[in-house]
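Here's the structure, in structure tokens; my notes come after.
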Amino acid sequence: MKRILVTGALGQIGSELVPALAARFGSDAIVASDIRLPPAGQSGPLGHFEFLDSTNLRQIQDLVRRYDVGTIYHLAALLSASAEEKPHVAWELNMGGLYKILEVARAHRCKVFFPSSIGAFGPGTPKERTPQETLQRPTTIYGVTKVAGELLCDYYHQRFDLDTRGLRFPGLISYVAPPGGGTTDYAVAIFYDALRHGRYTCFLGPDTRLDMMYMPDAVSALIELMAADPQRLVHRNAFNVTAMNFTPAELAAEIRKHLPDFRIDYEIDPIRQAIADSWPDSLDDSAAREEWGWKPVYDLPTMVADMLDKLRAKLRL
Ligand code: AKB
């Protein structure tokens, strides 16, 4: 069986995708790669681990050849807030990396997964139940790389018959690995501070509404999309997917049901607030539901209860 290469494997998504893929296909089938090294003593579900700078064509080529890779989950990228701080690096990594992955995939006939985002939309996009196909004029460099990435993946599919597939993820919430440099990171940090200190200072305003998803659903979406019957896929790059929708004030109210003394205050970061304000309030994910059966399991109450349980255990509280 051909192997599966995951780039950015030590990041927020990769940290949970790799064990899920290993559980499904066996550890030997997975090549986890990152530009960082795994934490000392890491073993088991990570399967093979390789250093990979995903802007380096030779390194990608070498791994794909050496491990006989048939599918690439290309997760290595800068998130929105970090990208805005370093636009040149974001372009180089998010676009340059994707282009090289696609080139190697073209030569070796690999399937490619590309993670797009709600960041692929902009202020001119309809804000409520944003359609699958609509205006995409993002005002962030992150968004520019996501739209261009979607188009490039579609181009490789149409021009070279490459099996490329992608998801427009909302904010992702997880307890395994912290996110880094995203605008939706508040929805993870709030849990750590609620459990450790009983209070949280949020960098987005109380009424900033965004779509979100719990990581177990995100991992299922990734695996299910890549397993979907290609005949049923009308769209490819990239599908709107969502699971829940809330503001910081609503998330705090849900946490308060478990921790009644929890308090939230707000110190707005104008850069991240502007990014969030340029994104949709909610997505219409009916194309994903119809074309490959997307159906999330977690909503706001079940996600909050599970996050608090899992984090209490992780932090030994
Ligand atoms: C970010 O906040 O940058 C990401 C995203 C929504 O793409 N979580």
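Okay, here's what the table says:
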read-out	value
Conditions (1) open to solvent by 10 Å² or more (accessible area, probe 1.4 Å); (2) under 30 Å from residue 71 (Cα atoms): number failed by residue 240	(1)
Pair list, Cβ < 7 Å and 6+ apart or interchain, from the stretch 70-89 residues that are in the same structural domain as residue 140 (by TED's automatic domain parsing) and basic (Lys, Arg) to residues that are within 14 Å of the ligand (Cβ to nearest atom) and not in a loop (DSSP other than H, G, I, E, B)	none
Failed item in (1) more than 19 Å from residue 119 (Cβ to Cβ); (2) assigned by TED's automatic domain parsing to the domain that holds residue 85; (3) part of a helix (DSSP H, G or I); (4) touching an Asp or Glu at 6+ places or on another chain (Cβ under 8 Å), with residue 142 passing the rest	(1)
Residue 160 vs. criteria hydrophobic (A, V, I, L, M, F, W, C), closer than 21 Å to residue 277 by Cβ and either more than 10 Å from the ligand (Cβ to nearest atom) or surrounded by fewer than 17 Cβ atoms within 10 Å (Cβ to Cβ) (or both)	no
The stretch 173-210 - residue that is outside any helix (DSSP H, G or I) and basic (Lys, Arg) and, of those, nearest to residue 13 (Cα to Cα)	209
First in the stretch 201-215 and under 15 Å from residue 272 (Cβ atoms) and touching a residue at least 60 places away in the same chain (Cβ under 8 Å), second anywhere and among the acidic types (Asp, Glu) and crowded, with 23+ Cβ neighbours inside 10 Å, Cβ under 6 Å, 6 or more apart	none
Residue, surrounded by the most Cβ atoms within 10 Å (Cβ to Cβ), within the stretch 281-317, restricted to residues that are among the hydrophobic types (A, V, I, L, M, F, W, C) and at pLDDT below 95	315
Residues of the stretch 258-280 satisfying the condition of being open to solvent by less than 90 Å² (accessible area, probe 1.4 Å) and in a loop (DSSP other than H, G, I, E, B)	258, 259, 262, 269, 278, 279, 280
Any hit, the stretch 103-113, residues being farther than 20 Å from residue 270 by Cα, within 16 Å of the ligand (Cβ to nearest atom) and within 18 Å of the chain's Cα centre (by Cα)	yes
Residue ID - most open to solvent (accessible area, probe 1.4 Å), chosen from residues in the stretch 174-185 that are more than 9 Å from the ligand (Cβ to nearest atom) and of a type outside the set (Val, Ile, Thr)	178
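The values are calculated or read from the model by the stated rules, or taken from the named source; none is laboratory data. These numbers were taken from a predicted model, which means no experiment stands behind them. Neighbour counts run over all protein chains shown; Cβ positions are idealised from the backbone, glycine included. Heads up: the accessible areas ignore ligands, DNA and RNA and are worked out on the full protein's heavy atoms, side chains in. Shrake-Rupley method; radii C 1.70, N 1.55, O 1.52, S 1.80 Å.
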